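The values are calculated or read from the model by the stated rules, or taken from the named source; none is laboratory data. What you see is a predicted model, and the numbers here were worked out from it, not measured in a lab. Using ideal geometry, Cβ is built from the backbone for each residue, glycine included, and neighbour counts are taken over all protein chains shown. Calculation scope for accessible area: heavy atoms of the full protein, side chains included, ligands and nucleic acids excluded. Shrake-Rupley method; radii C 1.70, N 1.55, O 1.52, S 1.80 Å.
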Amino acid sequence: MNVYSDRIKNLKPSAIREIFKFTADPTVIAFSAGNPSPEVFPVEKIARITADIFHENPIFALQYSVTEGCPKLRELLKKDLEEKGVFVPSNDDLIVTAGAQQVMELSTKVICNEGETIICENPSFIGSLNSFRSYNAKLVGIDMDDEGMLPEKLEAALKSNPRTAFIYIIPNFHNPTGKTTSLQRRKDILALAYKYNVIILEDNPYGDIRFAGADVPSIKSMDKKGHVIYAGTFSKTIAPGLRVGYMCAPEGIVQKSIAAMQCSTVHTNILAQMIAYRFVTETNMEEYLDGLRQTYKRKRDLMLNSLKFSFPVEVKFTEPEGGLFIWGTLPIGYGGEDVSEFVRKALQNKVAVVPGNAFSIDESEKSLSFRMTYATPTDEQIEKGVELLASAFKGCG
């Protein structure tokens with residue numbers, strides 16, 4: 001019996017989640033996860049804050065709340081984003097969401113009609129791609145260079161797809177490639193959004209984890225016409241299990257998103273919002289974030305140095321200035337122009353990476369690339385895992 005809706009019947013589980021099945025084996029070194037490092041979780045402080053909340057204000061933490069989010073947290077976020085030029089009080093509003101992932105789902109539900117186009121970087125974050133697919137959107141991928149999405153290809157796609165709902169972009173320490181979109185490229189993309197009258201969905205989960213290079217202004221901070229939705233989250237700076245993110249967008253879009261959320265989650269977990277608010281207000285955040293950055297820089301440097309020592313120069317690796325990921329690319333002609341055999345051999349060697357086509361708009365296309373994280377493995381696992389990867393490379397070329 002076919003009981004599935006047209007929206008869901010062709011939706012497949014995330015390839016990354018499927019790889020997680022292999023990493024349940026404790027002997028497998030997981031370079032495949034997209035998770036923050038457990039060593040930076042502020043466990044003791046969150047435990048204390050939670051106990052204080054239940055001692056001081058348990059009913060507010062346990063009762064239904066307003067859909068928009070905890071008022072104190074919303075005001076804190078608005079003030080912080082206004083200082084960064086992201087929130088414009090005369091034009092914007094803000095809603096607290098269940099992580100940045102819910103911003104992708106809400107944006108699609110509110111803006112995209114079935115069959116309309118969503119233009120994305122290619123490759124892109126699989127969680128967002130699946131949100132878009134679940135609404136029967138047509139996905140169009142734009143190739144990237146080291147500065148980000150190629151403007152000439154973006155314009156060609158906008159011309160060819162007049163029913164474009166929005167452009168989706170991860171400009172800082174892109175998932176999966178680790179690349180950062182340059183300032184000029186951000187300006188070019190915004191100009192094209194104006195020219196073709198489309199929205200930009202700017203996803204910035206990693207922006208606070210810059211440990212090298214200079215900050216680049218967000219696209220939202222440059223927007224003077226109300227064309228940008230901005231997604232942020234505490235998942236990479238406090239803890240992903242809290243599921244606290246936020247959407248900053250033109251007021252009309254936020255109001256429709258509030259109505260849409262009332263049909264699903266009603267509101268984001270209020271206890272988690274209270275924890276996030278108390279954590280930020282009771283912490284020297286710049287000092288705290290600097291500690292995160294130092295940890296991730298050390299781990300990135302360790303992985304990059306190990307990769308450069310273990311692999312031939314023909315294998316290329318991105319050098320991210322922040323975030324959690326390194327993108328490896330095997331040389332042309334390797335393994336039949338596909339990374340799948342390398343990934344299988346790596347799993348046999350007890351190390352897991354994610355094949356590049358898992359992040360492609362068309363998952364059936366071949367790819368010579370793969371994603372690794374330096375965030376979750378220990379230093380010892382990074383060094384050992386790279387050795388095992390190098391062995392897999394030599395064993396199936």
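Here are the numbers for the structure shown:
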quantity	calculated
Of residues in the stretch 315-356 being of a type in the set (A, V, I, L, M, F, W, C) and without any contact (Cβ under 8 Å) to a residue 60 or more places away in the chain, the one surrounded by the most Cβ atoms within 10 Å (Cβ to Cβ)	A346
Top-ranked residue in the stretch 264-313 [being part of a loop (DSSP other than H, G, I, E, B) and either open to solvent by less than 40 Å² (accessible area, probe 1.4 Å) or among the hydroxyl-bearing types (S, T, Y) (or both); ranked as farthest from D379 (Cα to Cα)]	S264
Qualifying positions in the stretch 92-115 - touching a Ser or Thr at 6+ places or on another chain (Cβ under 7 Å) and not in a helix (DSSP H, G or I)	I95, V96, T97, A98
The stretch 116-151, subset aromatic (F, W, Y) and within 17 Å of the chain's Cα centre (by Cα), residue least open to solvent (accessible area, probe 1.4 Å)	F132
Boolean, S364 is open to solvent by 10 Å² or more (accessible area, probe 1.4 Å), in contact with a helix residue (DSSP H, G or I) (Cβ under 8 Å, 6 or more places away or on another chain), without any contact (Cβ under 8 Å) to a residue 24 or more places away in the chain and closer than 17 Å to V339 by Cα	yes
Candidates E44, E75 - the one that is modelled with pLDDT of 95 or more, open to solvent by 70 Å² or more (accessible area, probe 1.4 Å) and under 26 Å from V86 (Cβ atoms)	E75
Residue match in the stretch 211-228 (condition: among the acidic types (D, E) and buried (at least 20 other Cβ atoms within 10 Å of the Cβ))	yes
Among (1) without any contact (Cβ under 8 Å) to a residue 60 or more places away in the chain; (2) open to solvent by 60 Å² or more (accessible area, probe 1.4 Å) - the single one K109 does not satisfy	(1)
